[in-house]
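Nothing in this text is a laboratory measurement; each read-out follows from the coordinates by a stated rule. Values in this document were obtained by computation on a predicted structure and should not be read as measured data. No Cβ is skipped: glycine too gets one built from the backbone with ideal geometry, and neighbour counts run over all protein chains shown.
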Amino acid sequence: MKTVAVETLRESLDLYLEMVKGGERVQITRGSDVIAELAKPDTDHLKAEREWLDQQVREGKLSSPSNPTGNIREILARRPRGPAIDAQAILNETRADRY
């Protein structure tokens, strides 16, 4: 496994992406801390996940997306709009219960 500092990764991103494409895992560090890891997707895991989702749809536990390849802006435009939520008020109320 290779290790690279964020600054070096920025300067040589193409090089490290080619390493990952070739199967190498790359740890990214900031100072002495490992903050991320680059690796090829685990296609076996993704395939198993997709099979599980398909099974859930067949069993009626989940439904397929109505527009799986749709444009996100179109999907968001169709979504119903409810009343605005005051997130800060909810956080303040939740935090008040702690003290």
Query raised in the report: Of GLN27, GLN88, GLN55, which has the largest mean-square fluctuation in a 10 Å C-alpha GNM of the chain?
Result: GLN88
Query raised in the report: Taking R0 as 30 Å, what's the FRET efficiency between LYS61 and ARG81 from their Cβ-Cβ distance, rounded to 0.05?
Result: 0.55
Report summary line: Asserting the computed 222 nm helical MRE of the chain (DSSP H runs at least 4 long, -39500 (n - 2.57) per run, divided by residue count, to nearest 500) equals -14000 deg cm²/dmol
Query raised in the report: What is the log10 of I(q)/I(0) for the chain, computed with the Debye formula using one identical point scatterer on each Cα and no solvent, at q = 0.12 Å⁻¹?
Result: -0.89
Query raised in the report: FRET efficiency for LEU53 and LEU17, Cβ-Cβ distance as r, R0 = 25 Å, nearest 0.05?
Result: 0.30
Query raised in the report: Which FRET efficiency value, to the nearest 0.05, is calculated for LEU91 and ALA36 with the Förster distance at 25 angstrom and r the Cβ-Cβ distance?
Result: 0.30
Report summary line: The answer for LEU62, listing residues at least 5 apart or on another chain whose modeled amide H is closer than 5 Å to its amide H, is VAL57
Query raised in the report: Taking the chain as a Gaussian network, where each spring joins two C-alpha atoms under 10 Å apart, which residue of LEU13, LEU38, LEU76 fluctuates the most?
Result: LEU76
Query raised in the report: Put +1 on the Cβ of every Lys and Arg and -1 on every Asp and Glu Cβ in the chain; which of THR8, LEU62, ALA77 then has its Cα farthest towards the positive end of the dipole?
Result: ALA77
Report task. Mind checking which lysines have their Cα closer than 24 Å to the Cα of LYS21? Skip sequence neighbours fewer than 8 apart in that chain. Result -> LYS2, LYS40, LYS47
Report summary line: Which of ALA39, ALA89, ALA48 fluctuates most in a GNM of the chain (C-alpha springs under 10 Å)? That residue is ALA89
